[in-house]
Amino acid sequence: PEADDYRGVSSAYGYEGTPRAVVPKMIELAAVNEDDVVYEPGCGDARIVIAAVQAGAKRGLGVDINPDLAEVCYARVKAAELEEKIEIYWGNALDLDMSEVTAVFLFMGNSFNMVMRPMLWEQLPVGARVVSNDFHMRDWEPDKTVRVETPDHTYVLYLWTITTQIKEKTEER
């Protein structure tokens, strides 16, 4: 499926896909490269994880709690001929082990970001990047903020990097 074929599938879960014009900016902000394992919790239709692998990431992971959207993801990954590089799971995004992930893409809301934040700090390796579309992490200051204008909305993208200091904060808890 090329267009936004998930419509009608997602109303119970409140799915709103990242606009296609914003996706390349998120990939660029994360500085995706051939060593990256990318993760998209709440992957919707897998557009970001597919774009990240097409931009050079060695592997991608996506999780969606909506079984119908997970099926859309499977179909899109297959259509892109990326089944060998992208794994899609149906389930809770909070259950995935992120210890090998080097770039995370978020568009799930402020509350979800705050639930994810300690997990990101604990599980991601030093140097991993986190990019969030429109939703911040309260007092975790971003390394960079980028605005993306679309005809309907201005999106704010945030970039954070996992540092040794962040890992030490997690260990102190």
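The values are calculated or read from the model by the stated rules, or taken from the named source; none is laboratory data. A quick note: this is a predicted structure, and the numbers were derived from the prediction, not measured. In this analysis, Cβ positions are derived from the backbone assuming ideal geometry, glycine residues included, and neighbour counts consider all displayed protein chains. Each accessible area value is taken on the protein alone, full model and side chains, heavy atoms only, with ligands, DNA and RNA left out. Shrake-Rupley method; radii C 1.70, N 1.55, O 1.52, S 1.80 Å.
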Heavy-atom accessible surface of the chain: percent carbon and sulfur, 1.4 Å: 48
Cubic angstrom per residue, convex hull over Cα atoms of the range 61-108: 85
Estimated dipole of the chain in Debye, rounded to 20 [Cβ of Lys and Arg +1, of Asp and Glu -1, Cα centre]: 340
Kirkwood Rh in Å, taken over all unlike Cα pairs in the range 16-100: 12.6
Computed lengthening from TRP140 to GLU84, 0.36 nm per intervening residue step minus Cα-Cα distance: 16.7 nm
Solution diffusion estimate, µm²/s, Stokes-Einstein, the range 42-87, Kirkwood Rh from C-alpha pairs, 25 °C, viscosity 0.890 mPa s: 242
Relative contact order for the range 65-130, counting Cα pairs under 8 Å that sit 6 or more residues apart, in percent: 34
Mean separation of Cα contacts under 8 Å (6+ apart) over length of the chain, as relative contact order %: 20
The range 96-152, Rg to Rh (Cα coordinates; Rh as Kirkwood inverse mean 1/r): 0.98
Rounded to 10°, Cα long-axis angle of helix 67-79 versus longest principal axis of the chain: 80
Å² per residue, accessible surface of the range 62-173 at 1.4 Å: 55
Built amide H within the under 5 Å cut-off of VAL37, gap 5+: THR102, ALA103
Computed Rg/Rh of the chain, alpha carbon atoms with Kirkwood Rh: 0.94
Integer Hz, Karplus 6.51/-1.76/1.60 couplings in order for the range 45-56, x for Gly and Pro: 10, 6, 4, 6, 5, 5, 4, 5, 5, 5, 7, x
